[in-house]
1. Against the longest principal axis of chain B, how steep is helix B:43-52, in degrees 0 to 90 to the nearest 10, with axes from Cα atoms?
2. Please average, across the residues of B:56-66, the number of beta carbons from any other chain that are within 10 Å of each residue's own beta carbon, and give a whole number.
3. For the pair D:W179/A:R157, report the inter-label distance in nm, with labels modelled 7 Å from Cα in the Cβ direction.
4. Need one value for D:80-92: mean number of C-beta atoms belonging to other chains within 10 Å of its residues' C-beta atoms.
5. How big is the charge dipole of the protein assembly as shown about its Cα centre, in debye rounded to the nearest 20, if each Lys and Arg gets +1 on its Cβ and each Asp and Glu gets -1 on its Cβ?
6. Which one of B:T45, B:S141, B:L97 has its Cα pushed farthest toward the positive end of the charge dipole of chain B, where Lys and Arg give +1 and Asp and Glu give -1 at the Cβ?
7. To the nearest 100 Å², how much accessible surface do chains D and B cover up together, summed over both, with a 1.4 Å probe?
8. Shortest first, in nm, what separates the label point of B:R145 from those of the same position in the other copies (7 Å along Cα→Cβ)?
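The values are calculated or read from the model by the stated rules, or taken from the named source; none is laboratory data. This structure is a prediction, so every number in the text was calculated from the model and none was measured. Note that we place each Cβ from the backbone using ideal geometry, even for glycine, and neighbour counts take in every protein chain shown. Note: accessible area is taken over every heavy atom of the protein model, side chains too, but ligands, DNA and RNA are not part of it. Shrake-Rupley method; radii C 1.70, N 1.55, O 1.52, S 1.80 Å.
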4 protein chains.
Amino acid sequence: MSGGERGQQAYGLGRILALSDGVFAFSLTLLVVSLSVPTATSNSTLAAQLADEAPTFFSYIISFVAVASIWYGHHESFKYIRRYDGRLIALNFGSLLLIAFLPFPTAVLGRNQQDSLAAVLYALTLAVSNLLFAATWWHASHGRRLVRSDLSPQLVRLRFYRTLGGTFVFMLSIPVALWQPIAAEIVWSVFLVAIYVVFRGSPPSQHRENH
Amino acid sequence: MSGGERGQQAYGLGRILALSDGVFAFSLTLLVVSLSVPTATSNSTLAAQLADEAPTFFSYIISFVAVASIWYGHHESFKYIRRYDGRLIALNFGSLLLIAFLPFPTAVLGRNQQDSLAAVLYALTLAVSNLLFAATWWHASHGRRLVRSDLSPQLVRLRFYRTLGGTFVFMLSIPVALWQPIAAEIVWSVFLVAIYVVFRGSPPSQHRENH
Amino acid sequence: MSGGERGQQAYGLGRILALSDGVFAFSLTLLVVSLSVPTATSNSTLAAQLADEAPTFFSYIISFVAVASIWYGHHESFKYIRRYDGRLIALNFGSLLLIAFLPFPTAVLGRNQQDSLAAVLYALTLAVSNLLFAATWWHASHGRRLVRSDLSPQLVRLRFYRTLGGTFVFMLSIPVALWQPIAAEIVWSVFLVAIYVVFRGSPPSQHRENH
Amino acid sequence: MSGGERGQQAYGLGRILALSDGVFAFSLTLLVVSLSVPTATSNSTLAAQLADEAPTFFSYIISFVAVASIWYGHHESFKYIRRYDGRLIALNFGSLLLIAFLPFPTAVLGRNQQDSLAAVLYALTLAVSNLLFAATWWHASHGRRLVRSDLSPQLVRLRFYRTLGGTFVFMLSIPVALWQPIAAEIVWSVFLVAIYVVFRGSPPSQHRENH
């Protein structure tokens with residue numbers, strides 16, 4: 001493999017990541033648009049209006065944490081990816097489509113908190129998004145297609161099951177949402193707090209280029 | 001050519017790509033704003049309201065895939081571009097103007113699905129955007145102005161015809177849209193699925209810098 | 001530590017910073033959405049409408065300067081961070097949540113200028129955001145966990161007290177806001193002008209890689 | 001100067017540019033939000049509604065080209081900047097404040113095309129933005145404070161007068177706007193077309209790092 005080929009791959013992966021980070025960052029910020037701005041004349045009225053928006057605040061925070069955790073999985077997976085092909089780009093775009101779409105089910109859920117359909121739409125968006133990221137990792141790691149040939153089977157499996165984990169939790173929350181939307185939101189919250197604990201646990205294993 | 005000149009070109013091209021990727025990422029995410037958020041009181045009402053928005057969902061997905069495919073073409077073309085000049089920047093901004101504008105015709109089409117004018121405006125935006133990207137590649141590759149002097153004529157032609165392909169399909173869909181707007185949407189969908197097949201087919205040819 | 005590990009850390013920190021800068025940039029730009037666009041028929045009417053929006057302009061500018069100063073602190077802190085772990089990412093996301101949320105309290109404050117609750121919500125958002133950035137630096141620098149082992153104690157303390165400074169000013173402005181919202185806005189303005197003076201004072205100490 | 005100092009400066013300038021490009025890209029894309037989406041029942045009605053929006057389309061295009069030309073000036077100036085200090089960051093944020101603000105005067109102008117005040121607000125935003133970018137270059141280049149010490153006086157002056165050029169044109173258009181708003185728009189259009197001609201003329205002088 002020549003230096004020129006390596007450089008083109010660095011360019012190629014670099015732009016895929018730049019575009020992905022742009023979509024993640026914009027989706028994180030656009031979520032705030034789902035909150036409607038109250039105009040009040042007295043303190044108590046503004047307080048009441050903000051209290052009415054509590055469900056929207058709650059879905060805002062769940063969505064922010066969900067996107068953050070998907071970004072973290074994306075970040076950990078692409079750390080090991082060394083090459084790209086057309087299918088990697090297509091799978092990555094597929095999951096970004098759902099990340100970019102998320103502000104919509106978030107707003108729908110915020111304004112229809114008691115509605116099973118709103119909770120199902122929300123869970124489905126995050127389940128499919130996670131599934132496509134799991135498929136991205138499967139495609140990249142299977143037969144060491146786009147990763148280093150000496151990547152350990154343990155690591156390949158760990159990353160696959162972690163990205164698949166979100167899919168299962170959000171899928172399993174769909175029957176819960178059909179039964180009771182608020183119970184589904186509790187399932188998501190518990191899951192995302194659990195992810196945060198895993199987040200915290202990961203050790204500082206690497207060092208930045210001295211600069 | 002001195003190392004300093006090479007470095008300035010890396011800075012120059014790097015920022016052109018950073019700005020372009022930013023506009024692509026925002027346009028992809030801003031498309032979601034075209035969807036209006038329903039508020040319902042019972043499940044059936046919310047389902048009905050979401051079903052009413054089906055045309056908007058459909059144009060959202062077509063637009064997302066169209067921008068993704070234009071980004072892919074941009075990515076493949078700039079892989080070979082080594083220098084820039086003022087005209088490259090001007091042509092690139094011209095196509096970005098239309099990419100940034102796309103959320104508007106997408107929303108117009110979503111709310112006026114039966115309207116030939118909406119479909120024509122949409123097709124024209126994507127046709128001109130593709131045309132300007134084809135012109136960007138022509139400008140860069142003609143006489144090897146901004147690419148490596150040993151770039152093969154086959155590759156130069158292949159990239160030119162691929163970027164021009166979108167222009168032709170969206171131009172040809174205009175008379176179809178005048179006849180029947182929904183038929184034009186079928187043409188676009190078939191074209192974008194065909195692009196996806198091409199996407200998938202491209203082999204993993206390059207490697208990332210070892211890091 | 002191998003070169004590969006260093007490279008992975010450069011990738012890891014690079015993407016954390018790319019995502020953070022994306023959220024900062026969008027939040028800075030999305031603030032403008034809080035301004036509502038008047039439509040008038042005569043000059044005097046437009047002038048009157050723009051004058052009515054003066055409080056919103058004022059909170060727009062305060063928020064822009066506040067985000068800019070938080071970005072500057074983030075920038076100065078991450079200059080010394082060489083490694084990352086899960087907790088750094090979690091703390092960083094926590095503060096980004098509040099940066100992404102800021103357009104909401106900004107708009108609430110702009111439309112409810114005389115309302116103590118609006119000013120308290122605003123101050124609280126910026127206080128907690130600053131607090132989480134201070135916690136990020138504490139986590140990274142304590143025991144030189146994620147910074148160079150030879151970083152001077154003076155520098156570690158200086159950066160900690162600077163990031164903590166914003167927390168104290170915005171916390172202390174809460175009782176002021178409860179007493180008189182407009183007085184709190186004066187406190188913030190004076191604080192942000194003071195930060196600007198500090199900004200200006202920092203010397204040009206470093207050089208870009210020759211390119 | 002040590003390698004570590006150079007690296008920190010590369011980090012510092014890199015993030016300043018990443019944040020600036022983010023604000024530029026988002027402002028370019030957010031401009032589209034100033035266009036309101038019509039819903040029509042027959043072709044003629046949609047055509048009439050789109051025709052009514054012609055002034056807004058016009059200010060959208062002028063703003064896009066104005067931001068693109070300011071970005072180009074920013075790009076050309078920072079090509080020569082090797083170091084940064086607090087005042088550079090403060091001046092850069094000052095101009096970004098006006099770039100991020102631009103979607104507001106653009107929308108005001110689009111909906112109040114005949115109104116001198118709307119045109120004056122618009123011209124003032126672009127004049128001050130250009131002025132602050134000229135001040136940024138003056139600060140960086142005066143006494144070769146933040147640029148290479150051997151930068152030619154011709155280049156320093158050329159870049160200063162170019163960035164100052166926009167300030168003068170937009171300032172001079174203010175009395176024109178007070179007399180006749182539409183005449184001011186013609187002045188801006190002619191100026192931006194003239195800039196495009198300059199854009200095109202700049203030769204491909206540099207090369208990307210071989211990758």
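1. That works out to roughly 50 degrees.
2. Details: counts 0, 2, 0, 0, 4, 2, 0, 0, 6, 4, 0.
The per-residue average across the peptide is 2.
3. That separation, rounded to one decimal, is 8.1 nm.
4. On the way: counts 1, 1, 7, 6, 7, 8, 12, 7, 4, 7, 11, 2, 1.
Mean number of neighbouring Cβ atoms from other chains: 6.
5. Details: 60 positive and 40 negative charges, 720 e Å.
For this selection, approximately 3460 debye.
6. B:S141
7. For D against B, buried area totals roughly 4300 Å².
8. For B:R145, the inter-copy label distances come out at 3.8, 3.9, 5.4 nm.
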